[in-house]
1. When the stretch B:84-95 is examined, which residues are found to be within 25 Å of residue B:25 (Cα to Cα) and either of a type in the set (Val, Ile, Thr) or open to solvent by less than 60 Å² (accessible area, probe 1.4 Å) (or both)?
2. Of the residues that sit in the stretch B:31-83 and are polar (S, T, N, Q) and more than 22 Å from residue B:130 (Cβ to Cβ), which one is surrounded by the most Cβ atoms within 10 Å (Cβ to Cβ)?
3. Which count do you get for residues in the stretch B:1-42 that are within 23 Å of residue B:63 (Cβ to Cβ) and either of a type outside the set (S, T, N, Q) or not in a helix (DSSP H, G or I) (or both)?
4. Within the stretch B:208-240, track down each residue that is within 12 Å of chain A (Cβ to nearest Cβ), more than 16 Å from the chain's Cα centre (by Cα) and touching a residue at least 12 places away in the same chain (Cβ under 8 Å).
5. Which one of the conditions (1) modelled with pLDDT of 90 or more; (2) touching a Leu at 6+ places or on another chain (Cβ under 9 Å); (3) more than 17 Å from residue B:33 (Cβ to Cβ) does residue B:83 fail to meet, given that it meets all the rest?
6. Among the residues of the stretch A:78-99, which ones are open to solvent by less than 40 Å² (accessible area, probe 1.4 Å) and more than 7 Å from chain B (Cβ to nearest Cβ)?
7. What pairs come out if I take residues in the stretch B:18-46 that are touching a residue at least 40 places away in the same chain (Cβ under 8 Å) and pair them with residues that are surrounded by fewer than 17 Cβ atoms within 10 Å (Cβ to Cβ) and among the hydroxyl-bearing types (Ser, Thr, Tyr) whose C-beta lies under 9 Å away, six or more apart or interchain?
8. Take the stretch B:153-163 and flag every residue that is assigned to a helix (DSSP H, G or I), of a type outside the set (S, T, N, Q) and surrounded by 21 or more Cβ atoms within 10 Å (Cβ to Cβ).
Amino acid sequence: MIELVIFAGVAVALLLLMLWAARERAGSQRSPLAAPDLPLEEMFPLHCRHFPQVRQALSGPDDAYLRQRASRKIARRARAERCLVARQFLVGIEEDFSRLNRLGRTLAALSPRVNRKQETERVWLWLRFWISCRLVSLSLRTGRVSVPRLAHLAQLVGHLAAEIETAMGGLETAAGKPLGTSLSA
Amino acid sequence: MHPVPSSYILWVAGTVLELLAATLAIRHGLFRRLPVFTGYLFLVVAHEIGWWAIVHSSGYASPPAFYFYWVSQALLLSARALAIAELCQSILRPYRGVWALAWRILLVTASGLLSYAAWASFGNRAWITLFILTAQRGLELAAVAILITLMLISRYYGIQVQPLQRLIALGLGFYSAVQILNNSFMREFLGHYFDWWNWVRASSFQVALVLWLLALRKPLPATAPAPALLPQEIYDDLTPQVSYRLRALNDRLLEMLKP
């Protein structure tokens, strides 16, 4: 009977997984391999471009100023709002990570040869990042993550975007044609 | 033991659907794109007619029915395995880099599950019915696992699966998943469950047929042109940079979690 229960569970789980995996993606019409007009820029990090504004909103001096000058109630409300900004920014960073990951996957899909190690590592990184993001989000809610650390993370994504864009520019020059066209072909 | 009238109704409905699917496959030229799958549809029709001719004349429990059923099941299962391999190839092969990686993943998955099927059925070799049911369950498990892996790889790399391919995969996967469940019940309750087992098997195949008919109801769209691949150096230059940055992001995120 135990075997029956196990296999019944496995069969139902496989059926659900099959339905989930085979469903048409909402954005499939905009898939890089399906749509010829997908702008390459959509694969680059976007949220990190707002980093200077967010850094200002989360800056330490602002916090100190509030503590000195504002009433306790206003300071508490400001801290709650800063926390909300931080959480929203974390969501943005997650989206940026997804975009970069997507760029990597698209490059692999359109490449004549792929490196098994690189591909495995990217899957592993994505899994780790996804779990870490959930944990950081939880920590932000409980106030256990300092905002400056989040700002450092944002800075890193910003550098990342700039470097990849520079590298793409260099490759475009070398290839003699815009990669946006090639990627979306 | 001869079939009851309701079995004949189920058989007529199933045969009509099978004939319709085979006819549409020829009419819409599916045999040019997926020849093995088209051949499988015809094999199903031939099996159905042969099976009912034998059952009608000798009954379910006769030796000819027993041998015909299990030999034809082995043939159909092999044809289905080949059709699944053909489907994997038709979806992933145009993407050379991904295909080179994916066929190895699919082969490892299939080998692992087929070894399990062999090991599990060997443990039940004392009784032929139990042996066959266990082997069949293992093989169905391998089939559905391969199809899920195929869909996950396509999804991960953003490879577009045509509606035709998707519905064929869904039909094959649905039938295999239901058979895992069905054979598990049959192993547990054996003779008491036979009528139900037969009914579930036939009905689930009809559901799969309806999915395939949905895929074949309209003329097939023109074959998508092969994707234009990028020069290899683009992958070689950019991928390590992307991976490096993703790694750095992960490390920084983990740092944030440290007390």
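1. Answer for the stretch B:84-95, where residues must be within 25 Å of residue B:25 (Cα to Cα) and either of a type in the set (Val, Ile, Thr) or open to solvent by less than 60 Å² (accessible area, probe 1.4 Å) (or both): B:84, B:85, B:86, B:87, B:88, B:90, B:91, B:92, B:94.
2. Per the stated criteria, the residue is B:38.
3. Qualifying residue count, the stretch B:1-42: 6.
4. Hits for the stretch B:208-240 are B:224, B:226, B:227, B:229, B:235.
5. (3)
6. Residues satisfying the conditions are A:78, A:82, A:83, A:86, A:89, A:90, A:92, A:93, A:94, A:96.
7. Qualifying pairs under 9 Å: B:33/B:223.
8. Step one: filter the stretch B:153-163 for residues assigned to a helix (DSSP H, G or I), giving B:153-156, B:163.
Filter once more, so that each one left must be of a type outside the set (S, T, N, Q): B:153, B:155-156, B:163.
Of everything in the stretch B:153-163, just one residue is assigned to a helix (DSSP H, G or I), of a type outside the set (S, T, N, Q) and surrounded by 21 or more Cβ atoms within 10 Å (Cβ to Cβ), namely B:153.
The values are calculated or read from the model by the stated rules, or taken from the named source; none is laboratory data. Because the structure is predicted, anything quoted here is derived from the model rather than measured. Neighbour counts are summed over all protein chains in view; Cβ atoms, including those assigned to glycine, are modelled from backbone coordinates with ideal geometry. Areas reflect the complete protein model, heavy atoms only, side chains present, ligands, DNA and RNA absent. Shrake-Rupley method; radii C 1.70, N 1.55, O 1.52, S 1.80 Å.
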